[in-house]
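The values are calculated or read from the model by the stated rules, or taken from the named source; none is laboratory data. Everything quoted here is computed from the prediction, not taken from an experiment. For neighbour counting, all protein chains shown are included, and Cβ atoms are generated from backbone atoms with ideal geometry for every residue, glycine included. The area values use the complete protein model at the heavy-atom level, side chains included, leaving out ligands, DNA and RNA. Shrake-Rupley method; radii C 1.70, N 1.55, O 1.52, S 1.80 Å.
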Amino acid sequence: MGASEDAGAAASVTANGATIDTVVPEYINDRLIERSLVQGLGVKRPRIVERSITRATANGDNYMSDVFRIAVRYVDEGEDGPASTRTLSLVVKSLPDTGQRGHMIEEIQAYEKEVCMFQEIVPKLARMTNDAFFAARCFYASDLPERLLVFEDLKTLGYATANRQAGLDFDHCALVMRKIGQFHAASMRFAEQEPELLRRRFNFNMFNPAYSEVSEHVRTILEKGLETLIEVARNQWDGFDQSIVAKMEQLAPVYVDRLRECLHQDSEADGGYRVLNHGDLWSNNMMFRYGNGPDAEGRIVPQDVAFVDLQISFYTSPGVDLNYALANCPNYDTRSRLDELIGLYHASFKATLERLAYDARPIPTLADVRREIRRMEFFALVSVISILPIVLMDQTDEVVADFENLVGGEEAEKARQIQYNGVNYQRIVRPMLIEFNKRKLLDV
């Protein structure tokens, strides 16, 4: 395909056997590629020889953005001597100001946060931790004519997404816990250097305090999820304790406000501590690199994990990331080993702070970590009720679980019926609701 043939044309990718078509926005063009090469790789005078553009993710895998992959061949005409042809793969994340999600992207400052994370903060955290690979390099970002970021392609570095519907096994979860432990620890050192940046830019995730009312989109997704779970548990779960269903009904009117109060806690006011949370730490926002084959026991063991989608990062208690990840990521068998995973997180967190000679406050103990998890555990309840069904939803021809179809209309209701009636979801959520009830998280 020639260099001038792609923009505006249909792009397609095959995912799970289904071909997905979309239109490439006109602003994803040669000029964008050239700017990315110049700013990201220091190419002096790039000339595009050939490029092709495809969708990088399947429908339902990204809710706030459209993601494209660009395969490009180019030469640097500013080089001394004969210019050789090079190949590169780029990933473009577009945050369009269209549809239901346009206002949401603006309200949560998704673009501004993500640019700051990838261009200012993550490179510094990596340098602090002996070049730990937290995320892809961001080559270019712009909000004109649309908000977008251009990244190196993790796929070409050997990273791939895991099967979110199956859940992550213990090896994958352990890797995530160790890496986010490093990330959190480095952010505490960074907070000594630039505390105002963190407190100003990352003082919220989904509830922007500049808005007096909770976004209707957020409220709809959360409340409709709880309503559907109540309906399914009441009418279809044989032998389930109906007093728990009654408590969920009593919780419903204050459900979103309780979450907002939970997330707005000042974790330092009573001796706790803050870290820079990823903010949306679930399996779709992780990519794993694997070894060259199975280990001695025949397992395909992941060697590394990198994070993507740092658009709602949040400077607060680490209980945000830990509750969210441990509620949404583990497969059924791994859920009995959450204490082990918390221990692995703390060991990595502590070791990183010790290597950084951190002394701004005593290094948090494992007991301190567990206290932060308890502080934010209502977020785990909300994750299980309103987020996990989306995570575990099988891809289906009946409905596409994109942002538009999560916030309203007939398609949203159809999606929820599929999500909450999923066998895997019910197997996980029933015992968790019993546990949440014991911990009085359902009490009003």
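Got at least one residue in the range 73-81 being assigned to a strand (DSSP E or B), under 26 Å from Lys113 (Cβ atoms) and either modelled with pLDDT under 80 or open to solvent by less than 40 Å² (accessible area, probe 1.4 Å) (or both)?
Keep residues of the range 73-81 that are assigned to a strand (DSSP E or B), which gives 73-76.
Those left that are additionally under 26 Å from Lys113 (Cβ atoms): none.
No, there is no match, as no residue in the range 73-81 is assigned to a strand (DSSP E or B), under 26 Å from Lys113 (Cβ atoms) and either modelled with pLDDT under 80 or open to solvent by less than 40 Å² (accessible area, probe 1.4 Å) (or both).
Name the one entry in Phe151, Phe118, Phe134 that is touching a helix residue (DSSP H, G or I) at 6+ places or on another chain (Cβ under 7 Å) and of a type outside the set (Lys, Arg).
Details: Phe151 fails: touching a helix residue (DSSP H, G or I) at 6+ places or on another chain (Cβ under 7 Å); Phe118 fails: touching a helix residue (DSSP H, G or I) at 6+ places or on another chain (Cβ under 7 Å).
That would be Phe134, the only listed residue that is touching a helix residue (DSSP H, G or I) at 6+ places or on another chain (Cβ under 7 Å) and of a type outside the set (Lys, Arg).
Picking from Val49, Val38, which residue would you name as being open to solvent by 30 Å² or more (accessible area, probe 1.4 Å), in a strand (DSSP E or B), farther than 22 Å from Tyr159 by Cα and in contact with a strand residue (DSSP E or B) (Cβ under 7 Å, 6 or more places away or on another chain)? Working first, answer last.
Numbers: Val38 fails: in a strand (DSSP E or B).
Matching residue, one of Val49, Val38: Val49.
Whether any residue in the range 290-299 is under 17 Å from Arg178 (Cα atoms) and surrounded by fewer than 16 Cβ atoms within 10 Å (Cβ to Cβ) is what I want to check. Show your work before the answer.
Taking the range 290-299 as the starting set, the residues that turn out to be under 17 Å from Arg178 (Cα atoms) are 290.
This time we only want the ones that are surrounded by fewer than 16 Cβ atoms within 10 Å (Cβ to Cβ), so: 290.
There is at least one residue in the range 290-299 that is under 17 Å from Arg178 (Cα atoms) and surrounded by fewer than 16 Cβ atoms within 10 Å (Cβ to Cβ).
In the range 323-347, which residue that is among the small types (Gly, Ala, Ser) and open to solvent by less than 20 Å² (accessible area, probe 1.4 Å) is nearest to Gln182 (Cα to Cα)? Working first, answer last.
Step one: filter the range 323-347 for residues among the small types (Gly, Ala, Ser), giving 325, 327, 336, 343, 347.
Imposing the further condition that a residue be open to solvent by less than 20 Å² (accessible area, probe 1.4 Å) reduces the set to 325, 327.
On the way: Ala325: 15, Ala327: 20 Å.
Applying the filter and picking the extreme gives Ala325.
Take Gln303 and tell me if it is surrounded by fewer than 15 Cβ atoms within 10 Å (Cβ to Cβ), under 23 Å from the mean Cα position of the chain (by Cα) and more than 19 Å from Ile385 (Cα to Cα). Please lay out each step first, then the result.
Working: surrounded by fewer than 15 Cβ atoms within 10 Å (Cβ to Cβ): yes; under 23 Å from the mean Cα position of the chain (by Cα): yes; more than 19 Å from Ile385 (Cα to Cα): yes.
The answer is yes for Gln303.
Can you confirm whether Ala191 is open to solvent by less than 20 Å² (accessible area, probe 1.4 Å), farther than 17 Å from Phe307 by Cα, out of contact with any Ser or Thr (no Cβ under 8 Å at 6 or more places or on another chain) and not polar (S, T, N, Q)?
Working: open to solvent by less than 20 Å² (accessible area, probe 1.4 Å): yes; farther than 17 Å from Phe307 by Cα: yes; out of contact with any Ser or Thr (no Cβ under 8 Å at 6 or more places or on another chain): yes; not polar (S, T, N, Q): yes.
Taking the combined requirement at face value, the residue satisfies it.
Output yes when any residue across the range 108-126 is polar (S, T, N, Q), over 25 Å from Arg260 (Cβ atoms) and outside any helix (DSSP H, G or I), and no when none is. Before you say what the answer is, go through the steps one by one.
Within the range 108-126, the first condition is being polar (S, T, N, Q), and the residues that meet it are 109, 119.
Now restrict to residues that are over 25 Å from Arg260 (Cβ atoms): 119.
In the following step, the residues that additionally are outside any helix (DSSP H, G or I) were identified as none.
Within the range 108-126, none of the residues are polar (S, T, N, Q), over 25 Å from Arg260 (Cβ atoms) and outside any helix (DSSP H, G or I).
Tally time: how many residues in the range 82-102 are hydroxyl-bearing (Ser, Thr, Tyr) and either open to solvent by less than 50 Å² (accessible area, probe 1.4 Å) or modelled with pLDDT of 95 or more (or both)? It would help to see each step written out before you state the result.
First, the residues of the range 82-102 that are hydroxyl-bearing (Ser, Thr, Tyr): 84-85, 87, 89, 94, 98.
Pick out the ones that are also either open to solvent by less than 50 Å² (accessible area, probe 1.4 Å) or modelled with pLDDT of 95 or more (or both) and you get 85, 87, 89, 94.
Total meeting the criteria: 4.
Looking only at residues that are in contact (Cβ under 8 Å) with a residue 60 or more places away in the chain and closer than 21 Å to Ser94 by Cβ in the range 121-141, which one is surrounded by the fewest Cβ atoms within 10 Å (Cβ to Cβ)?
By that ranking, first place goes to Arg137.
Test of understanding: among Ile105, Ile70, which residue is β-branched (Val, Ile, Thr), in contact with a helix residue (DSSP H, G or I) (Cβ under 8 Å, 6 or more places away or on another chain) and either at pLDDT below 95 or part of a loop (DSSP other than H, G, I, E, B) (or both)?
Going through Ile105, Ile70 in turn, just one is β-branched (Val, Ile, Thr), in contact with a helix residue (DSSP H, G or I) (Cβ under 8 Å, 6 or more places away or on another chain) and either at pLDDT below 95 or part of a loop (DSSP other than H, G, I, E, B) (or both): Ile105.
Report every pair of residues separated by at least 6 positions or lying on different chains whose Cβ atoms are under 9 Å apart, first residue within the range 178-198 and assigned to a helix (DSSP H, G or I), second buried (at least 19 other Cβ atoms within 10 Å of the Cβ) and acidic (Asp, Glu).
Every condition considered, the pairs that remain are Ile180/Asp321; Phe183/Asp321; His184/Asp321.
Among the residues of the range 325-332, is there at least one that is over 22 Å from Lys113 (Cβ atoms) and without any contact (Cβ under 8 Å) to a residue 24 or more places away in the chain?
no
So in the range 409-444, with the set limited to residues that are of a type in the set (Val, Ile, Thr) and in contact (Cβ under 8 Å) with a residue 60 or more places away in the chain, which one is nearest to Cys262 (Cα to Cα)? First the steps, then the outcome.
Of all residues in the range 409-444, those of a type in the set (Val, Ile, Thr) come to 418, 423, 428-429, 434, 444.
Cutting the leftovers down to in contact (Cβ under 8 Å) with a residue 60 or more places away in the chain gives us 428-429, 434, 444.
Details: Ile428: 24, Val429: 21, Ile434: 21, Val444: 14 Å.
Residue satisfying both the conditions and the ranking: Val444.
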